[in-house]
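Rule-based calculations on the coordinates, nothing more; no lab input. Given the structure is predicted, the values throughout are model-derived calculations rather than measurements. Cβ atoms come from the backbone with ideal geometry, glycine included; neighbour counts cover every protein chain shown.
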Amino acid sequence: MNPVPNITLNDGNTIPQLGFGVFQIEPGDTAEAVGRALEIGYRHVDTAEMYGNEAEVGEAIRASGLDRGDVFVTSKLSNAFHDPEDARKAFDTTLSDLGLDYVDLFLIHWPLPTVGNGDFVSTWKALEEFKGDGRSRSIGVSNFQIEHLERLASETDTVPAVNQIEVHPYFTNDAVRGYGQEHGIATEAWSPIAQGGVLEDPTITRIAEKAGKTPAQVVLRWHIQRGDIVFPKSVTPSRMEENFAIFDFELDASDMEEITGLDRGEDGRTGPHPDTFAHVPG
Ligand SMILES: NC(=O)c1ccc[n+]([C@@H]2O[C@H](COP(=O)([O-])OP(=O)(O)OC[C@H]3O[C@@H](n4cnc5c(N)ncnc54)[C@H](OP(=O)(O)O)[C@@H]3O)[C@@H](O)[C@H]2O)c1
């Protein structure tokens, strides 16, 4: 029995709450890492056009011998392709690079409100087409702030199934998460252990010692109990196993509160701010 719970999205599809992230895994290392993750039991892989490793993710899924329907695959539109015609071509390339005839979830990677005319609404309408023709089972966004989500709500027909945003104990991002909870948008927490940056925090190491677990396990368990979807990245097999072994213990209410209390607000953010991030690959 796979221990990972499924979350039901607002379109009725389900997603494993724990997956495997492949940001910053070199293409040459990706097939091996994803293959190992699938052996351990991960059934959800989070990639993106901008990670440059979609082909190797697809290769690992085929080599695993698992049925396509048993692995949840997410990819994301490159910042270079917000124009709807570009988005259609880029999505075709994603499917052919992955070697799949559908993805489970496709996201707008960043809103880019300051790039060009800042029109992520027509980009979103292109993603609605991909959902409509069944080539993306679910569609969502990433790094969207409340005002971006409100704009989609007022100008389009589909509520994103997920919003993938930076969340970890130093940056709980609770306003954006709260908007998602009120509007049926599941939160996916990226950099869930802040790329290792929260693992030496004395509160976390103390709770880990008490639980007989590692700091990474405690932090990932905190996300799971908050109801968010996570996909820690690691190229280290022992860490992949460690990050998967988080379903045999529970944090109590005071542990949960203490970890949430580590929030540093904007000072805790490690990645770019979505309102100003304007990187477009050349
Ligand atoms: N939508 C977005 O804009 C966005 C942005 C960032 C990330 N993401 C997604 O979120 C995923 C996860 O985020 P992330 O990769 O930035 O960071 P992360 O998962 O928080 O941390 C990954 C780092 O922590 C180390 N690590 C992993 N498990 C560990 C453990 N048990 N103990 C100690 N160290 C450990 C890894 O090292 P080793 O690999 O060397 O083991 C790696 O350096 C990404 O892979 C990607 O899928 C999305």
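Tabulated values for the structure
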quantity: Relative contact order (percent, whole number), the chain, Cα cutoff 8 Å, 6+ residue spacing; calculated: 20
quantity: Listed residues Asn13, Phe23, Gly35: farthest to the positive end of the dipole of the stretch 1-73 (Cβ charges); calculated: Asn13
quantity: Over the chain: helical MRE at 222 nm, DSSP H runs n ≥ 4 each giving -39500 (n - 2.57), nearest 500; calculated: -12000 deg cm²/dmol
quantity: Using θ = phi - 60° and Karplus 6.51 cos²θ - 1.76 cosθ + 1.60, couplings along the stretch 216-230 (whole Hz; Gly, Pro as x); calculated: 4, 5, 5, 5, 5, 5, 4, 4, 4, 5, 7, x, 7, 9, 10
quantity: Amide H partners (placed H, <5 Å) of Phe20, local residues excluded; calculated: His44, Val45, Asp46
quantity: Rounded to the nearest 20 debye, dipole of the stretch 29-90 from Cβ charges on Lys, Arg, Asp, Glu; calculated: 180
quantity: Karplus-derived HN-Hα couplings along the stretch 84-93 (A = 6.51, B = -1.76, C = 1.60, θ = phi - 60°), whole Hz, x at Gly and Pro; calculated: x, 5, 5, 4, 4, 5, 5, 5, 4, 5
quantity: Per-peptide average of other Cβ atoms within 10 Å, ordering 258-266, 111-119 highest first; calculated: 111-119, 258-266
quantity: Filtered chymotrypsin sites (Phe, Trp or Tyr not before Pro), the stretch 12-107: DSSP coil and at most 14 other beta carbons within 10 Å; calculated: none
quantity: Cβ charges +1 (Lys, Arg) and -1 (Asp, Glu), total dipole of the chain, debye; calculated: 300
quantity: Span from the the stretch 161-203 Cα centroid across to the the stretch 69-145 one, whole angstrom; calculated: 22
quantity: Burial order of peptide ranges 235-248, 210-223 (average beta-carbon count within 10 Å, highest first); calculated: 210-223, 235-248
quantity: Rounded to whole Hz, the Karplus (6.51, -1.76, 1.60) HN-Hα couplings of the stretch 47-59, x for glycine and proline; calculated: 10, 6, 4, 6, 7, x, 10, 5, 4, 6, 4, x, 4
quantity: Spacing of the two label points (7 Å from each Cα toward its C-beta) at Glu85 and Ser254, in nm; calculated: 6.4
quantity: Least to most buried among His109, His148 (fewest other Cβ within 10 Å first); calculated: His109, His148
quantity: Under 20 Å from Lys125, Cα to Cα: lysines that are on another chain or at least 8 residues apart; calculated: Lys76, Lys89
quantity: Hits among lysines - C-alpha to C-alpha of Lys213 under 30 Å, sequence gap 8 or more where chains match; calculated: Lys233
